[in-house]
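Asker: Following this message is one structure expressed as structure tokens.
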Amino acid sequence: MDKNAFPEIPLDAWRPTKNTLHLYCQIVGKIRLAMHPRLNHWWHVTLYVSPRGLTTRIIPYSQGNFEIEFDFKTHRLEIRTSNGEFEDFALYDGLSVADFYGSLFANLAKLGIEPKIRPIPYEAPSTTPFPEDTENKSYDKEYVARFHQTLVTVDDILEEFRARFVGKSTPVHMFWHSFDLALTRFSGR
């Protein structure tokens, strides 16, 4: 395995960025929860590792479908629609959860997408409603890049593990509420 597959992410140094990113992911995840048709085992709420970051994959809406992706290479949040429209904004140190929330919903509105979510964190490092959270605003690009590399490596390992099982299993997915990458295999018993 590549020696860079698991870069160092010291918790004390990474924690402020981890907490902010966790809250950003909760906002995006709650949009998927609100708009995607329900699936068994809550698979309709999760995020997925992508080559560039984390993605919602497609979410249906009245004019087709759209996707929200955290691009951890360019440090932007990108929204793409099936009719070719695109909006994005920068992710940077100092971008508070409240500012992220406001920018995301403003950009979605430009695209005619108006999700209704409960703007309160769940199992998160903060209990402050998203539109009011100006405390969490750390975004260290180096730690985000290391986190993404770790996600890619673990996603690859879990996909290999999943592939060796002939029974029912979940896709590899990120549960944004607890901020963990998961895979479940079902025995059928």
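The values are calculated or read from the model by the stated rules, or taken from the named source; none is laboratory data. Predicted model, so just to flag it, every value in this text is computed and none were measured. Neighbour counts run over all protein chains shown; Cβ positions are idealised from the backbone, glycine included. Calculation scope for accessible area: heavy atoms of the full protein, side chains included, ligands and nucleic acids excluded. Shrake-Rupley method; radii C 1.70, N 1.55, O 1.52, S 1.80 Å.
Asker: Kindly indicate the residue of the range 1-38 that is open to solvent by 80 Å² or more (accessible area, probe 1.4 Å) and part of a loop (DSSP other than H, G, I, E, B) and also nearest to Trp176 (Cα to Cα) among those meeting that condition. It would help to see each step written out before you state the result.
Answerer: Going through the range 1-38, the residues open to solvent by 80 Å² or more (accessible area, probe 1.4 Å) turn out to be 1-4, 6, 8, 11-12, 15, 38.
From what's left, part of a loop (DSSP other than H, G, I, E, B): 1-4, 6, 8, 38.
On the way: Met1: 27, Asp2: 27, Lys3: 28, Asn4: 25, Phe6: 21, Glu8: 22, Arg38: 16 Å.
In this case the residue turns out to be Arg38.
Asker: May I ask you to list the residues in the range 77-87 that are assigned to a strand (DSSP E or B) and open to solvent by 50 Å² or more (accessible area, probe 1.4 Å)?
Answerer: At the first step, the residues of the range 77-87 found to be assigned to a strand (DSSP E or B) are 77-81, 86-87.
Residues satisfying the conditions are Arg80, Phe86.
Asker: Same structure, new question: Only one of these is within 18 Å of Asp155 (Cα to Cα) and in contact with a helix residue (DSSP H, G or I) (Cβ under 7 Å, 6 or more places away or on another chain): Val97, Val45. Name it. Walk me through it before giving the result.
Answerer: Values: Val97 fails: within 18 Å of Asp155 (Cα to Cα).
The unique qualifying residue is Val45.
Asker: Here's another thing I want to ask about it. Restricting attention to the range 62-88, report how many residues are more than 21 Å from Val144 (Cβ to Cβ) and not β-branched (Val, Ile, Thr).
Answerer: If we filter the range 62-88 for residues that are more than 21 Å from Val144 (Cβ to Cβ), which is where we start, we get 62-66, 81-86.
From what's left, not β-branched (Val, Ile, Thr): 62-66, 82-86.
Total satisfying the criteria: 10.
Asker: Moving on to the next point. How many of the residues in the range 44-54 are in a strand (DSSP E or B), farther than 23 Å from Asp133 by Cα and out of contact with any His (no Cβ under 7 Å at 6 or more places or on another chain)?
Answerer: First, the residues of the range 44-54 that are in a strand (DSSP E or B): 47-49, 53-54.
Right, trim to farther than 23 Å from Asp133 by Cα and you get 48-49, 53.
Then drop every residue that is not out of contact with any His (no Cβ under 7 Å at 6 or more places or on another chain), which leaves 49.
Adding up the residues that qualify gives 1.
Asker: How many residues does the range 111-148 hold that are over 20 Å from Met174 (Cβ atoms), in a helix (DSSP H, G or I) and touching a residue at least 24 places away in the same chain (Cβ under 8 Å)?
Answerer: Number satisfying all stated conditions: 2.
Asker: Of the numbered conditions (1) over 21 Å from Gln149 (Cα atoms); (2) part of a loop (DSSP other than H, G, I, E, B); (3) in contact (Cβ under 8 Å) with a residue 12 or more places away in the chain; (4) of a type in the set (D, E, K, R), Asp93 satisfies every one except a single condition; which is it?
Answerer: Result: Asp93 passes all but (1).
Asker: If a residue must be part of a helix (DSSP H, G or I), open to solvent by 60 Å² or more (accessible area, probe 1.4 Å) and closer than 23 Å to Gly29 by Cα, how many such residues does the range 149-189 contain? Give the steps one after another, and end with the answer.
Answerer: Step one: filter the range 149-189 for residues part of a helix (DSSP H, G or I), giving 149-163.
Checking which are open to solvent by 60 Å² or more (accessible area, probe 1.4 Å) leaves us with 149, 156-157, 159-163.
Among the residues that remain, those that are also closer than 23 Å to Gly29 by Cα are: 149, 156, 159.
Selection size over the range 149-189: 3.
Asker: Sticking with this one: Working only within the range 24-56, note down all residues that are in contact with a Pro (Cβ under 6 Å, 6 or more places away or on another chain) and closer than 19 Å to Asp140 by Cα.
Answerer: At the first step, the residues of the range 24-56 found to be in contact with a Pro (Cβ under 6 Å, 6 or more places away or on another chain) are 26, 31, 34-35.
Selection gives Gln26 alone.
Asker: Could you list, in sequence order, all residues of the range 56-76 that are in a strand (DSSP E or B) and either open to solvent by 10 Å² or more (accessible area, probe 1.4 Å) or not β-branched (Val, Ile, Thr) (or both)? Spell out the reasoning first.
Answerer: The initial filter retains those residues of the range 56-76 that are in a strand (DSSP E or B), namely 59-61, 64-71, 76.
Pro60, Tyr61, Gly64, Asn65, Phe66, Glu67, Glu69, Phe70, Asp71, Arg76 - these are the residues of the range 56-76 that are in a strand (DSSP E or B) and either open to solvent by 10 Å² or more (accessible area, probe 1.4 Å) or not β-branched (Val, Ile, Thr) (or both).
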